[in-house]
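To start, the structure itself, in structure tokens.
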Amino acid sequence: MGTPMPETAATQLDFLESMLRIRFFEEEVGRLRAEGSIVGSVHLCNGQEAVHAGACAALDPSRDAVFPTYRGHGWTLACGVPPYALFAELLGRQTGVNGGRGGSAYLTAPEYGMYGENSIVGAGAPIAAGAALAATFDGSGRVALAAFGDGAMNQGAVHEAMNFAAVRDLPVIFLVENNHYSELTPIASMVRGDRLFARASAYGMPGGRVDGNDPAAVRDAVAQAVERARGGHGPALIEAMTQRIVGHYIGDAQHYRPPGELEAALADEPIARLLATLRETIPHAELDALSERVRAEIADASARAQADPPADPSTVLEHLYA
Amino acid sequence: MPETRDLSYAEAVNAALARALDERPETLLFGEDVALPGGVFGVTKGLRRRFGERVFDTPISESAIIGGAVGAAMFGRRPIVEIMWADFFLVALDQVVNQAANVRYVSRGAVTAPITIRTQQGSAPGACAQHSQSLEAVFAHVPGLRVAMPATHQDAYDLLLAAVWCDDPVIVIENRTLYHTGRRPVGVNGGIQPAEGALIRRPGADVTLLTWGAMLHAALEAAELAAGRGIDAEVIDARWIRPLDLDTVLASVERTGRLVVAHEAHTTGGVGGEVLAAVAESGVRLRSAPLRVGAPPVRMPAAPALARAVVPNALTIADALIRSAAGGSVGAAAEGAADVPRR
Ligand SMILES: Cc1ncc(C[n+]2csc(CCOP(=O)(O)OP(=O)(O)O)c2C)c(N)n1
Ligand SMILES: [Mg+2]
């Protein structure tokens, strides 16, 4: 999808910064989880950062709406949520984006256009279609983007959402982050034919596959779908091919991955790949400085969040009803 | 041959599954990640290798898993399926409530749906609102279903086999916080038990404390705390939520004259309320107001500091035992009295 165009150095550096922010954030989360400061299920997105950085670059944060999954830290950061508020949420602090109510796998930041992770596989797709439905009545020009995994393509809610969106020409983008696995099971063993995007034609909407480790390619594919959707021409399905270079959850030994697969994924992961390109034209010291700046930003955000008080139990009954 | 083996709760489930697959060739085992990966909690490890194609992985399609089990059961198979988290049942509830529960009744027994659905539920530190609910009351409300909640290693084995042997649709609700809590002696290869029946886990004279699932362990701890105050609680493990063994509960309450029901689920609309109603209807004379201990009416927050304030524990249960033994006005039993978040 989309014709690649030459990227300016500034854009490339923006992508690099956005992806590094996510990567360093996830690495710090991994550390905090391992030492027990963060508890419970945590799903890291290392290796998939180009999807989040690329897609969000094609969206209008003032009006568009993103609906990611439990693997949503990257989306949340790419939507502009400060790392500090996200750390605080994962750490169960009062200062977290949801005051600790959401946690790693179910947090929401509507003020940034991030309308909620979902820990029920596929459940975000119909809700995104609903956000798009509202746009057809409110004149906002909003486009909704539902992001979910390859495995979610087998969930009934996703099928229903796609047909519903197609038949009503809803301005919604279904973005599959195909990382080849659902938990410990390869998608190849759960579908006949691995071209997930090809299902789009059955619903009567455009579908295509994009290199999910190339932020510019993702941005272009999403931009094209956004333009179509905003123009009233309905939804699209984009399959972004990527790899997670970490386990499904922290502690996942990944025995299910064939030998060599992870090594190949690491060689092709989006940050290493972009850095290799940029090193041809940009002084290494400049790239290192960028990296160090983002690393320091993350370290500072983590330290500040850790120093905050835990969520306040006296507030636990608030906000259940109007 | 009956024998005793040292098993974890997870291994006890595994042993029961292996026995069912071994002794009943019509059984099938399927669900997400259950076969080649051996389950996300390692519960079904080794079964694929041992039983081949009767054990298989499915897409993330809960309606197809449960509906597929119903259909296969109508044609002579005896499927055992896994719904990884009770919360995920909700995307496939139609197949449970409108479908599985109706098969026998409407056909007047011409076709049946002997399926076993294993799941696990409950809160654990850091779990989000969509991964921590206790939903037994949802299933217990539905005639035609049976609901088991094994609290011990032995029951993890026995209740599951009872479920598989039973000709009704049975939901077995395990608890992930129990899976890997160490090994205990578990009697295996004994007789298959009926799919019903509560057990007195701790005899006592002063207060009847009914509970089930993982909350049993908090209840036993609470009974010890209360014993330190001179209160002798009788702890009953319901084991089966539907059918609920009210005979055992009523017989106990007749002796103690006091009742506390403790569960992790919300009190409002919960099974505890059903028990209190049954006790009231029975006309048993109570010496103090019956109490419920459960989660207050609120969604489940992820932060441990918040979750601790809503999930019942040994202290909140012990507090109820003490109030029950001290008397307590009928008003105090109204909704919320045992609900107030503590700590
Ligand atoms: C309805 C439902 N079923 C099952 C699960 C358990 N589960 C959590 S993540 C996951 C795998 C999802 O795979 P995929 O959609 O490819 O996303 P990925 O994790 O790879 O990002 C499963 C089965 C769930 N959360 N919700
Ligand atoms: Mg996946």
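Only protein atoms count toward the accessible area here, which uses a 1.4 Å probe; on the range A:186-299, the carbon and sulfur part of that area reaches 56 percent.
Using 0.36 nm per residue and subtracting the Cα-Cα separation, the extra length available between B:Leu315 and B:Ser107 on full extension is 70.0 nm. Phi angles of the range A:7-21 translate, via the Karplus equation with coefficients 6.51, -1.76, 1.60 and θ = phi - 60°, into HN-Hα couplings of 8, 6, 4, 4, 5, 4, 5, 4, 4, 4, 4, 4, 6, 5, 4 Hz per residue; Gly and Pro are given as x.
Placing a label point 7 Å from the Cα of A:Ala276 along the Cα-to-Cβ direction, the residues of the range A:28-70 whose backbone N falls under 18 Å from that point are A:47-51. Selection among B:Ile65, A:Ala223, B:Leu246 by position relative to the dipole of the protein assembly as shown gives B:Leu246 as farthest towards the positive end (Cβ unit charges, Cα centre). Here the dipole of the range B:97-232 is about 240 debye; that uses its Cα centre as origin and unit charges on the Cβ of Lys and Arg (positive) and Asp and Glu (negative). Taking amide H atoms as placed 1.01 Å from N in the peptide plane, the amide H of A:Gly80 has no partner under 5 Å among residues 5 or more positions away or on other chains. In this calculation the C-beta distance from A:His284 to A:Glu111 is compared with R0 = 30 Å, giving a FRET efficiency of 0.20. Give the long-range amide H neighbours of B:Val147: residues separated by 5 or more places, or on another chain, with amide H under 5 Å away, using H modelled in the peptide plane at 1.01 Å from N. When sequence neighbours closer than 5 places are left aside, the close amide H contacts are B:Ile171, B:Ile241, B:Arg242. Between A:Leu107 and A:Glu117, the built amide H atoms are under 5 Å apart, and every one of these is 5 or more places off in sequence or on another chain. Summing charges over all other residues whose Cβ lies under 10 Å from the Cβ of B:Ile83, with Lys and Arg as +1 and Asp and Glu as -1, gives -3.
With all protein chains in place and a 1.4 Å probe, the accessible surface of the range B:84-228 carries 55 percent carbon and sulfur. If you plug the beta carbon distance of A:Asp308 and B:Ile192 into 1/(1 + (r/R0)^6) with R0 = 56 Å, you get a FRET efficiency near 0.55. Relative to the dominant Cα principal axis of chain B, helix B:153-165 is inclined by about 50°. Take the Cβ-Cβ distance between B:Phe75 and A:Asp14 as r, set R0 to 56 Å, and report the resulting FRET efficiency rounded to the nearest 0.05. After rounding, the FRET efficiency stands at 0.45. Working from label points 7 Å from Cα in the Cα-to-Cβ sense, the A:Asp169 to B:Arg255 distance is 7.4 nm.
The values are calculated or read from the model by the stated rules, or taken from the named source; none is laboratory data. These numbers were taken from a predicted model, which means no experiment stands behind them. Reconstructed Cβ throughout: ideal geometry from the backbone, glycine too, with neighbour counts over all protein chains shown. We work out accessible area using only protein heavy atoms, side chains counted, and drop any ligands, DNA or RNA first. Shrake-Rupley method; radii C 1.70, N 1.55, O 1.52, S 1.80 Å.
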